[in-house]
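Accompanying notes for the structure given below.
The values are calculated or read from the model by the stated rules, or taken from the named source; none is laboratory data. The structure presented is a predicted model; accordingly, all values stated were derived computationally and were not measured. Note: ideal-geometry Cβ built from the backbone for every residue, glycine included; neighbour counts use all protein chains shown.
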């Protein structure tokens, strides 16, 4: 760096600020610059150093403008010159860069501190939620942070930021966007009216939460919905939604509140429908138990690339909660009636691909049988779904 504002000076300022308590506001940054420069900086150099350090030390630093882009869902850093964003069309390389690997590491550690987490060589990864980002980003529920330091991340510090934008679209909006065909819309509305329990499945970024939120918007206004999530994303336009959000341990290692804890609490809150934003752990045991004790119409999402993978996926999760395979299949068959498969198309758009119903074979194992397919091919369980809906719906 030219002039007296050198890289060495900025490093000394960073170290000074890192050792002080409190947020690095402009006054504190300016005082640190003066102290480390020994009073030899002129006003122009002082302002230049202040601008550089404020950009780096405020919010998400050079990534902040990307987070404020209303279309951005994910910001991913894999190297100082490799910053990627997802605006719903797949990953695109952004023009933003970092000066070096040390700058990426500093940002990751500062964001971890903001999330109340520790990130250093002894604890080289972190998963948390940035504090104060809800107000800063306006229409979001904040930002979820994940970071892994080198050398665990072989190519350098790896930083992942997900903007938790509320899923507020209804079925009509999804249909207008081409995500749901008209015949599927009629089936989905009947599934909700019939109070059938359902799971929305799909891969990463397939639109599971968006679909679930749209379906919950169709629930009768007199019903009380309790939503349990690991990270707040569900925001269905419904007059009676109670949202419970899990919490990880703080920097002292205490304060953990799990999704499983919250599912149990939801049972005591007079729910008409219990919903788990994403089933990815032992909470599947409590959810299935709840759906088998008179709580019809419950729902959740599961990460699975196809409906056929769902039983095996739930087997693995149930094992974490101490439920064996026969018990899982028995509970699943009694608790859930419909599976919706959503996927991301090659052009980046998302849509409903299949509806399936659950069937048990002679050994008691659950299988998902197609009841509707977007491509119009044979759906052998179409009549079975029609029977379920006829039994539970008043036409």
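If you go through region 17-50 and pick out every residue that is modelled with pLDDT of 70 or more, part of a loop (DSSP other than H, G, I, E, B) and either under 32 Å from the mean Cα position of the chain (by Cα) or buried (at least 16 other Cβ atoms within 10 Å of the Cβ) (or both), you end up with 1.
Can you tell me which residue within region 112-126, out of those that are part of a loop (DSSP other than H, G, I, E, B) and farther than 14 Å from residue 252 by Cα, is nearest to the chain's Cα centre (by Cα)?
124
For (1) assigned to a strand (DSSP E or B); (2) at pLDDT below 95; (3) closer than 29 Å to residue 285 by Cβ; (4) out of contact with any strand residue (DSSP E or B) (no Cβ under 6 Å at 6 or more places or on another chain), each residue gets a yes or a no:
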site	(1), (2), (3), (4)
351	yes, yes, no, yes
357	yes, no, yes, no
362	no, yes, yes, yes
372	yes, no, no, no
375	no, yes, no, yes
378	no, yes, no, yes
389	no, yes, yes, yes
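Every condition in (1) in a helix (DSSP H, G or I); (2) in contact with a helix residue (DSSP H, G or I) (Cβ under 9 Å, 6 or more places away or on another chain); (3) closer than 28 Å to residue 232 by Cβ holds for residue 309 except the one numbered (2).
Looking only at region 358-366, decide whether some residue is closer than 18 Å to residue 191 by Cα and buried (at least 17 other Cβ atoms within 10 Å of the Cβ). Taking every residue of region 358-366 in turn, at least one turns out to be closer than 18 Å to residue 191 by Cα and buried (at least 17 other Cβ atoms within 10 Å of the Cβ). Against the condition crowded, with 21+ Cβ neighbours inside 10 Å, in contact (Cβ under 8 Å) with a residue 40 or more places away in the chain, more than 24 Å from residue 286 (Cβ to Cβ) and touching a helix residue (DSSP H, G or I) at 6+ places or on another chain (Cβ under 6 Å), how does residue 342 come out, does it pass? So residue 342 fits the description; yes.
Could you look through region 51-66, keep only residues that are at pLDDT below 90 and surrounded by 17 or more Cβ atoms within 10 Å (Cβ to Cβ), and pick out the one that is farthest from residue 118 (Cα to Cα)? Here the residue is 52. Can you go through 390, 382, 386, 374 and tell me which one is buried (at least 16 other Cβ atoms within 10 Å of the Cβ), free of Cβ contacts under 8 Å to residues at least 24 places away in the same chain, more than 22 Å from the chain's Cα centre (by Cα) and within 20 Å of residue 182 (Cα to Cα)? Matching residue, one of 390, 382, 386, 374: 382.
Restricting region 121-139 to residues that are modelled with pLDDT under 90 and surrounded by fewer than 20 Cβ atoms within 10 Å (Cβ to Cβ) leaves a set whose member that is farthest from residue 70 (Cα to Cα) is 127.
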